[in-house]
Amino acid sequence: MPNFKMRYLLSNLRRTSKKNTKFKSRIRNKYIGKFKNQSLISTTKGLQCLEEEEEEDSDECFSLKSTTPSHTHGVQPLGNLYLSSGSINSRDTGLGNLHTLSDELVLEILGFLDASELGVLSTVSKSLYVFTNHEPLWRNLVLENFVGGFQFNGFWKCTYVSACYPSFDSPSNELRSFKVRDFYSDYLFQSWLCANLEMKPEWLERDNIVRKKGISVEEFVLNFEEPNKPVLLEGCIDNWDALRKWDRDYLMQLCGDVKFSVGPLEMKLEDYFRYSDQVKEERPLYLFDPNFVEKVPKLGSEYEVPVYFREDLFGVLGNRRPDYRWVIIGPAGSGSSFHVDPNSTSAWNAVITGSKKWILFPPDVIPPGVHPSPDGADVASPVSIIEWFMNFYGATKNWKKKPIECICKAGEVIFVPNGWWHLVINLEDSIAITQNYVSRRNLLNVLDFLKRPNASTLVSGTEDRVNLYGKFKNAIDASFPGTIEELTEKEEEKKMQQRKLPFWDSVTDANMGAFKFSF
């Protein structure tokens, strides 16, 4: 690679990446330091648990998945270097003058290169061989170059090579069998670790959500929708055909060659399941398609909206409404990091197969490790869901306002009120349906959200972000005359009631202090 090209990349990245990587480094390094205090961590096949030396610290034990291989290139956590007398870090010697750059910055530089340039650079040194074979680099190349789908071949580099050179017949383990001795990197090691950790039992123990079965719509509205509180509903989708039919064989036969949205690309179900069966990575791709009913109408006939959520005022916009329903399919470990649902809507999520761990924080509590921008348009958070659990979950045990948590199983539905932060991780291969909706209880919130000055960056699910407020308000006025005014009046009355002082406060003289009984 020409020297001028590398100098160009470095000059740009030193200016732009320093602030972008600082937050990620702080998150990753916070936890990985715990591994530095352990006796030499072996990454050989069969490693089952990373244990602290003291038995009383057993809550810091992390179990690896039973199928976990050793790190492909022999990368070890940096703490092992400190415990190995006389060793040098081949990471530094192989990078030369670039060794002062952080691992994140090295990888960001390499992200500017194409596959052939990565291949050439991998022959320069053992250290660059490890960096240029980092799986997320090749994942990005596959996603950028094969938007029409791909056939996963065990590893992202192998997938790219087999897609570009079908005649190149080499087993994936031969492409990735080279190990480097004395290579120490917390960043690269934790990427492997997060991809292979089992969920700790204490991450799954807390279950403090309210569960209800067979409640009336009126009770749901009074106790959960109006006060904006989550609830897990049981038994309300027992009549769904989807609950009985939707396994992978049925879906593949029904959907055939239809392609669904998976991240930035489109994939057939057969190809996606091939990927999800093999993948071991920090952030597995998630099938999340808003147009599944339009693509396969029969899917829409095999479920119905639970009775509690059938008032959806966005329906007045017809096909001009924002995206609102999705089929969700993913392997264990896939999911959604902390976010608030779009356009200030509420949502329901029904699990058809598998199970999901949910963590929810109320609108006035920002989850630890999550940093929204002042205008709410962007959110900085840990790289992966597992990384959030490793670094931040434990802190919530001591919070006064503890999160709402639960495991939602097949046949159960969770109600997610508007404005609530939530994280979801699949505990096994899972299929679910979710819909966002607007009822009268939430209409004013949605209208306020849509008319914000920065609506062009906040509103999602539609191309007409700026004009959505006007179109929605006019459609509501036409379909339900007087509704907005009536709800606004009730909201003002409610605020007035909240501002009224209790009787004993009303007899307090502000200048003399509080009224007291004297006995």
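General observations
- Cross-link partners of residue 213 among aspartates and glutamates, defined as those whose alpha carbon lies under 19 angstrom from its own and excluding same-chain residues fewer than eight positions apart: 225, 226, 234, 238, 304, 405, 412.
- Solvent-accessible area, 1.4 Å probe, carbon plus sulfur percent, for the range 196-338: 46 percent
- For the range 360-409 and the range 271-325, distance of Cα centres in Å: 25 Å
- Three-way shape call for the range 302-366 based on the alpha-carbon gyration tensor, with the a/c threshold at 1.5: oblate
- Pairs with C-alpha atoms separated by more than 21 Å, drawn from the list 200/357; 212/490; 451/471; 200/402; 179/280; 259/280, are 212/490; 259/280.
- In the range 243-327, trypsin sites (Lys or Arg not before Pro) in a DSSP loop with at most 15 other beta-carbon atoms within 10 Å: 310
- Trypsin sites (Lys or Arg not before Pro) restricted to the range 176-228 and DSSP loop, no more than 12 other C-beta within 10 Å: 181
- Chymotrypsin sites (Phe, Trp or Tyr not before Pro) restricted to the range 92-133 and DSSP loop, no more than 14 other C-beta within 10 Å: 112
- Bridging of residue 157 to aspartates and glutamates at a Cα separation below 19 Å is possible for 108, 114, 117, 135, 144, 169, 174, 271, 277, 281, 282, once same-chain residues fewer than 8 apart are set aside.
- Cα gyration tensor shape of the range 432-501, rounded if a/c is under 1.5, else prolate or oblate by comparing a/b with b/c: prolate
- When Rg and Dmax are taken over the Cα atoms of the range 245-288, they come to 10.6, 31 Å.
- Shape call, the range 200-259: gyration tensor on alpha carbons, a/c limit 1.5: oblate
- Here the relative contact order of the range 194-334, from alpha carbon pairs under 8 Å that lie six or more residues apart, stands at 25 percent.
The values are calculated or read from the model by the stated rules, or taken from the named source; none is laboratory data. Nothing here was measured: the structure is a model prediction, and the numbers come from that model. All Cβ positions, even for glycine, are placed from backbone atoms using ideal geometry, and neighbour counts span all protein chains on display. The area values use the complete protein model at the heavy-atom level, side chains included, leaving out ligands, DNA and RNA. Shrake-Rupley method; radii C 1.70, N 1.55, O 1.52, S 1.80 Å.
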